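Colleague: The structure is given below, and queries will be raised subsequently.
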Amino acid sequence: IMNPTYCKNSIIMLDSVTGTQMNSFIITTEDGKVLVMDGGFAQDADNLIGWLKRVTGEEIPHVDGWFLSHPHLDHITCLNHIMETRPHDLTVDALYYNFPSLQYVYEFGAARVECLCSPSPEFNRALNNNVYNNASCVLLLTLGGKKTIFLGDAGVEEGQKMLAMYAGTGKLKADYVQ
């Protein structure tokens, strides 16, 4: 049973325990689904699992979907650390990264996650700098009637690509942007 303090369509941005930048979000839906965006560094694992326990009210928290934006250490090593050293501390139904098509939409109860931009080999080969950040999966979360765009670390070049792709569509209109 979810902790009622966190169960109503919440997005929780976690602090880094290392004092450096990182990306870690827990998303809860009104119908009990739990999502994680990135997770942070390996050192952030205890904090993330602690928050998941608080949010879910479970000793072994369950995550319905875990999304990774791109392969930088401050985004993915928390998950790597958990899976390598303490895989029994939580359960994860599905892991998502690198959507080959922009048609990917995932429904998690009251939450809808849509891929707006995914790494493109052609696009990234043309770049001379900021290649990892421009390999970010950009996701649009619709939750409780609000829209949030998760950018990962999308660089200027990926931003320009998305502006050109969605010009005049209103697709990038959001209530919140990470």
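The values are calculated or read from the model by the stated rules, or taken from the named source; none is laboratory data. Keep in mind the model is a prediction, meaning the values are calculated, not measured. FYI the Cβ positions are ideal-geometry reconstructions off the backbone, even for glycines, and counts take in every protein chain you see. When the accessible area is computed, the model is the full protein with side chains, heavy atoms only, and any ligands, DNA or RNA have been set aside. Shrake-Rupley method; radii C 1.70, N 1.55, O 1.52, S 1.80 Å.
Colleague: Rank these by accessible area, largest first, 1.4 Å probe: 88, 72.
Modeller: Output order, biggest surface exposure first: 88, 72.
Colleague: How high is the relative contact order of the chain, in percent, with contacts defined as C-alpha pairs under 8 Å that are six or more residues apart?
Modeller: Normalised by residue count, the contact order of the chain is 16 percent.
Colleague: Another question, if that's okay. Just to confirm, what accessible area per residue do you get for region 8-78 at 1.4 Å probe, in whole Å²?
Modeller: 39 Å²
Colleague: Might you report the magnitude of the Cβ-based charge dipole of region 8-64 about its Cα centre, with Lys and Arg at +1 and Asp and Glu at -1, to the nearest 20 debye?
Modeller: 100 debye
Colleague: Within a Cβ distance under 11 Å of residue 24, other residues only, what is the Lys/Arg minus Asp/Glu net charge?
Modeller: -4
Colleague: Now a separate question. Summing Lys, Arg as +1 and Asp, Glu as -1, what charge do residues with Cβ under 13 Å from the Cβ of residue 108 carry, residue 108 excluded?
Modeller: Once positives and negatives cancel, what remains is -4.
Colleague: Got a number for carbon plus sulfur as a percent of the chain's accessible area, 1.4 Å probe?
Modeller: Answer for the chain is 53 percent, counting heavy atoms of protein chains only.
Colleague: Excluding residues on the same chain fewer than 8 positions from residue 33, give the lysines whose Cα lies under 22 Å from its Cα.
Modeller: Of all the lysines, those that pass the test against residue 33 - Cα under 22 Å, at least 8 places apart if same chain - are 8, 53, 146, 147.
Colleague: Quote the charge dipole size of region 26-178 about the Cα centre in Debye, to the nearest 20; the model charges only the Cβ of Lys and Arg (+1) and of Asp and Glu (-1).
Modeller: So the dipole magnitude of region 26-178 works out to roughly 500 debye.
Colleague: Let me cross-check residue 53: its accessible surface, 1.4 Å probe, with only protein heavy atoms counted, in Å² to the nearest 10?
Modeller: The value for residue 53 is about 70 Å².
Colleague: Can you give the local net charge around residue 147? Use residues other than it whose beta-carbon is closer than 14 angstrom to its beta-carbon, Lys and Arg +1, Asp and Glu -1.
Modeller: +2
Colleague: Take 54, 86 and sort them by solvent-accessible surface of the protein heavy atoms, 1.4 Å probe, largest at the top.
Modeller: Heavy-atom accessible area, descending, gives 54, 86.
Colleague: Right, next: Nearest 500 deg cm²/dmol is fine: what mean residue ellipticity at 222 nm does the chain get from its DSSP H runs of n ≥ 4 alone, each adding -39,500 (n - 2.57), divided by its residue count?
Modeller: Rounded to the nearest 500, the figure is -6500 deg cm²/dmol.
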